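What follows is a short report on a single structure.
The values are calculated or read from the model by the stated rules, or taken from the named source; none is laboratory data. Keep in mind it's a predicted model, so treat the numbers as computed, not measured. Cβ placement follows ideal geometry from the backbone for every residue including glycine, while neighbour counts extend to all protein chains displayed.
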Amino acid sequence: MPSEMRMSRLMLLLSAFVLAACNAQNRQSGVRHQDFARVAVDLFRSACVLTQGSFESVSKFAAVGHFVPVGKEDLSHLPPTVAEPDVQALWTLERDGGIYYLSLTRDSCSVKAERADSAALLEHFDGLVRQPPKNANIELRAEQSVQASFEIRQVSYAWREAGSSEETVLTAQTADSPDLPVQAVLNLTHRSHNGKPLILP
């Protein structure tokens, strides 16, 4: 009987150790994903917002920031969530364990993160949106959440001067699924003002 009790105690201690190790690993993974979210928003601010999506300026930023260009022959092998159908240029960046994509289309600039914590990304994005250019107002364009096997959230804001027919729309989209190519998309688009939401693919 004593030996059985010792065995039971040993099993309990082993189970507790395994559980503690798993919890620690999950906490560490969560912190890393929060860091990935912060980096994604920082890259979006520098690459897309400060340059206003200018092809020349974004290309210079990518070169200085050690982004790796993706060749045209490789674009067709990437999923639409990584490379838009009308993408004109695409770069990748690996930094501190995170993988990011920077892309340009005719009228938009995007940064995507392979892994990112949704709550952290939306918090940092909200902080970015609250710093519009001088004389520009902040106008909500879309805020929606879809729950299927995982949650997809999208929020869009426009920066627009009063009475202007043009606006800059900033959009964040997150998806809580480890099976997707990217978990976060940040997009800047210039368009005519119509007040309608901008739906990302």
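Evaluate the stretch 181-188: report whether one residue or more is crowded, with 18+ Cβ neighbours inside 10 Å, modelled with pLDDT of 90 or more and more than 20 Å from the chain's Cα centre (by Cα).
no
Any residue at all in the stretch 111-123 that is in a loop (DSSP other than H, G, I, E, B), among the basic types (K, R) and under 13 Å from the mean Cα position of the chain (by Cα)?
Among the residues of the stretch 111-123, at least one is in a loop (DSSP other than H, G, I, E, B), among the basic types (K, R) and under 13 Å from the mean Cα position of the chain (by Cα), which makes the answer yes.
State yes or no: is L128 surrounded by 12 or more Cβ atoms within 10 Å (Cβ to Cβ) and closer than 22 Å to A83 by Cβ?
no
When the stretch 79-98 is examined, which residues are found to be surrounded by fewer than 17 Cβ atoms within 10 Å (Cβ to Cβ) and either modelled with pLDDT of 95 or more or farther than 13 Å from F67 by Cβ (or both)?
Within the stretch 79-98, P79, P80, P85, D86, Q88, E94, D96, G97 meet the criteria.
Do any residues in the stretch 136-165 that are exposed (fewer than 12 other Cβ atoms within 10 Å of the Cβ) have Cβ atoms under 6 Å from those of residues that are not in a strand (DSSP E or B), where the two are at least six apart or on different chains, and which pairs are they?
As it stands, the answer is S165/H193, since those pairs meet every condition given.
Applying the selection to the stretch 97-110, what residues are within 20 Å of R191 (Cβ to Cβ) and part of a loop (DSSP other than H, G, I, E, B)?
T105, R106, D107 - these are the residues of the stretch 97-110 that are within 20 Å of R191 (Cβ to Cβ) and part of a loop (DSSP other than H, G, I, E, B).
Any chance you could count how many residues in the stretch 58-74 are in contact with a helix residue (DSSP H, G or I) (Cβ under 9 Å, 6 or more places away or on another chain) and part of a helix (DSSP H, G or I)?
Residues meeting the conditions: 3.
So which residues in the stretch 99-114 are surrounded by 24 or more Cβ atoms within 10 Å (Cβ to Cβ), closer than 14 Å to P79 by Cβ and not hydroxyl-bearing (S, T, Y), if there are any at all?
Within the stretch 99-114, K112 is the sole residue that qualifies.
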